[in-house]
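What follows is calculated from the coordinates using simple rules that are stated; it is not laboratory data. These numbers were taken from a predicted model, which means no experiment stands behind them. Quick reminder, even Gly has a Cβ in these numbers, built from the backbone with ideal geometry, and neighbours come from all protein chains shown.
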Amino acid sequence: MFNLRNSILSAAMLIGAASSAFAQTEPNVQEIVNKASAAAYYQGKDGKAKVSMTIADAQGRERSREFTIIRTDLGDADNGEQRFYVFFNRPADVNRTAFMVWKHVEGDDDRWLYLPALDLVKRIAASDERASFVGSHFFYEDVSGRGPDEDVHVLLEETDNYFVVESTPKNTNAVEFEKYKNWIHKETFIPVKTEYMNDAGDVYRTYTAEKVETVEGHPTVMQSRMEDHQIGGATTMMYSAVDYDLDLPDDIFTERYLRNPPRKYLR
């Protein structure tokens, strides 16, 4: 005999099971962003790369920079405390310039810039982290990365290859953008494109990972580009001699090594 009550209960159980299964497969946007941050900035326990930077202005005039960047993670957790050290080799007017970041999980990052012509170590204020990095279209914050908990994230779209995530800053007074959109590769979790939007909804800066290779088992951006649609021009960074898990000592990421670079680890 047909039992309406049992049929309703069975249907409710099926709907509940289906909803539970969907919840298990529905991607968590914070987890996506955390993995993207880890893929972009935390491959291996430490690392080194040679970088060739080309800065082109709106008229197509070019300048170049060559530097070495080394990085170490403190602790085993992804998206944790980090140290960055950048040492400039060329051209002559920036030779021996050094830049260091202590990246914090909570609170503002600490940043220092050593200017050899003045023999001056300058602290970079938190308010300057979104200022031009040595005259390029990249900002200081772009070099060491933005913390995944600094923004509110929404998954806009999931395609066959990408998670498309829109992020809005929690502290709007600390940044010049209204929001930004990331295309995150689903297999590697590398952010391959980022569009920064102003309060009018216009895209005014675009980051692109133009070349990605696997290095020592880690998906690694080997060429990137930042374009500024307001002032014009773009900066391209090309990476070479990338190496991971070098057992870099923590003490080389201290202020005393800004004046006396740890050349052994910068070769």
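Hey, does the range 46-60 have a residue that's touching a helix residue (DSSP H, G or I) at 6+ places or on another chain (Cβ under 8 Å), in a strand (DSSP E or B) and closer than 21 Å to Glu216 by Cβ?
Looking through the range 46-60, at least one residue is touching a helix residue (DSSP H, G or I) at 6+ places or on another chain (Cβ under 8 Å), in a strand (DSSP E or B) and closer than 21 Å to Glu216 by Cβ.
Against the conditions (1) in contact with a Leu (Cβ under 7 Å, 6 or more places away or on another chain); (2) within 21 Å of Met222 (Cα to Cα), where does Tyr114 fall short? Just the number, please.
It is condition (2) that Tyr114 fails.
Tally the residues that are free of Cβ contacts under 8 Å to residues at least 24 places away in the same chain, more than 17 Å from Glu129 (Cα to Cα) and not in a strand (DSSP E or B), restricting the search to the range 163-186.
0
Considering only the range 209-227, state which residues are buried (at least 18 other Cβ atoms within 10 Å of the Cβ) and closer than 23 Å to Thr168 by Cβ.
Result: Ala209, Met226.
Just give me the residues in the range 75-96 being surrounded by fewer than 19 Cβ atoms within 10 Å (Cβ to Cβ), in a strand (DSSP E or B) and in contact with a His (Cβ under 9 Å, 6 or more places away or on another chain), in sequence order.
Hits for the range 75-96: nothing passes.
Just to be sure before I move on: is Val134 among the hydrophobic types (A, V, I, L, M, F, W, C) and at positive phi in the structure I sent?
yes
Kindly provide the set of residues from the range 97-140 that are crowded, with 17+ Cβ neighbours inside 10 Å, assigned to a loop (DSSP other than H, G, I, E, B) and among the β-branched types (Val, Ile, Thr), ordered by number.
Residues satisfying the conditions are Thr97, Val134.
Could you say whether any residue in the range 221-231 is in a helix (DSSP H, G or I), in contact (Cβ under 8 Å) with a residue 12 or more places away in the chain and among the charged types (D, E, K, R)?
Within the range 221-231 (the criterion being in a helix (DSSP H, G or I), in contact (Cβ under 8 Å) with a residue 12 or more places away in the chain and among the charged types (D, E, K, R)), the answer is no, since none of the residues qualifies.
Would you confirm whether or not the range 191-214 contains a residue that is closer than 26 Å to Tyr114 by Cα and assigned to a strand (DSSP E or B)?
No: the range 191-214 contains no residue that is closer than 26 Å to Tyr114 by Cα and assigned to a strand (DSSP E or B).
Being touching a strand residue (DSSP E or B) at 6+ places or on another chain (Cβ under 9 Å), under 25 Å from Lys186 (Cβ atoms) and among the β-branched types (Val, Ile, Thr), is that true of even one residue in the range 91-101?
Taking every residue of the range 91-101 in turn, none turns out to be touching a strand residue (DSSP E or B) at 6+ places or on another chain (Cβ under 9 Å), under 25 Å from Lys186 (Cβ atoms) and among the β-branched types (Val, Ile, Thr).
May I ask you to list the residues in the range 232-267 that are exposed (fewer than 12 other Cβ atoms within 10 Å of the Cβ) and not in a loop (DSSP other than H, G, I, E, B)?
Residues satisfying the conditions are Ser240, Ala241, Asp250, Asp251, Arg256, Arg263, Lys264.
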